1. Could we say that Leu195 is surrounded by 15 or more Cβ atoms within 10 Å (Cβ to Cβ), assigned to a helix (DSSP H, G or I) and at pLDDT 95 or above here?
2. Give me the pairs, please: first residue somewhere in segment 191-205 and under 11 Å from Ala37 (Cβ atoms), second residue anywhere and open to solvent by 90 Å² or more (accessible area, probe 1.4 Å), beta-carbon distance under 6 Å, and either six or more positions apart or on two chains.
3. Closer than 23 Å to Phe20 by Cβ, part of a strand (DSSP E or B), open to solvent by 20 Å² or more (accessible area, probe 1.4 Å) and basic (Lys, Arg) - does that describe any residue in segment 92-110?
4. Of all residues in segment 16-49 being open to solvent by less than 10 Å² (accessible area, probe 1.4 Å) and closer than 11 Å to Leu87 by Cα, which is modelled with the lowest pLDDT?
Amino acid sequence: MKDSGNSLQKLVEGHCMPSFQEQLDEAFPPDADAALARCVAQAIMLAGDVMANEPFLNSLIGSDIRGHIRRAAVLFNVHQSCRAGDLPFDSEMTRMPLGGGHWVELRSGVYRAHICRTDGPVAFPEETPTRQDQRLSNQLDMFEPDPVVVPFRAPSETEMYAWLTFGAEGRDLTHLCWGMPEAGRNSWLARTNVLNRLGPAFEYPVEAPEATAPSVVLRFREHIEEELRRDDEGSGADEGS
């Protein structure tokens, strides 16, 4: 066993790479936190404004799809901010491979990431076949994750997968986190709480960006109509509420 341990140590030294946490923080760095938090917070407020001011949304039906509306606002605002250069990530809005909805895929460093709502900062998003498929790229090559041992991979071009998770209460952003999920179970290989990293001195926006409101309202209407059509067809699937 002693010889085996020495061999393992040599293997680690020969192939050691930055930890998953270091790679996650390099791809989604602290200097982007303030712009990202403002972007998501403004999107949540904007969703609240749309819910309050659109008669067909300010109803029982509107309440049923509140999660869809928030999700649409966050995806739209993050995507637009990336395209405008306000956020340092590549962003593409595409159709999901399952379910017929759309998502925004962010790319930075060795990561690609999707945006999901969760119940809390350490919680996992609702399980769906699409999310299960996407996180398979985070399969550990050699070892189970261990907080004592620095995770590593053999050098490769393999892309890793992350989520940007958020939550809201009314018009307020409650949490915002980057997380790298393990492939086979609900365990984080790496996780960064953006609001904690910003600290208490961060100033939240007090209103939604008026300049983007018309475009957001149009996008919301298209999204809601599509979701209602899917419900009528018996889908009932919700990837991002």
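The values are calculated or read from the model by the stated rules, or taken from the named source; none is laboratory data. Quick caveat: nothing in here was measured; it's all calculated off a predicted structure. Neighbour counts are summed over all protein chains in view; Cβ atoms, including those assigned to glycine, are modelled from backbone coordinates with ideal geometry. Areas reflect the complete protein model, heavy atoms only, side chains present, ligands, DNA and RNA absent. Shrake-Rupley method; radii C 1.70, N 1.55, O 1.52, S 1.80 Å.
1. Numbers: surrounded by 15 or more Cβ atoms within 10 Å (Cβ to Cβ): yes; assigned to a helix (DSSP H, G or I): yes; at pLDDT 95 or above: yes.
Spelling it out, Leu195 is indeed surrounded by 15 or more Cβ atoms within 10 Å (Cβ to Cβ), assigned to a helix (DSSP H, G or I) and at pLDDT 95 or above.
2. Close Cβ pairs satisfying both conditions: Pro205/Arg38.
3. yes
4. Cys39
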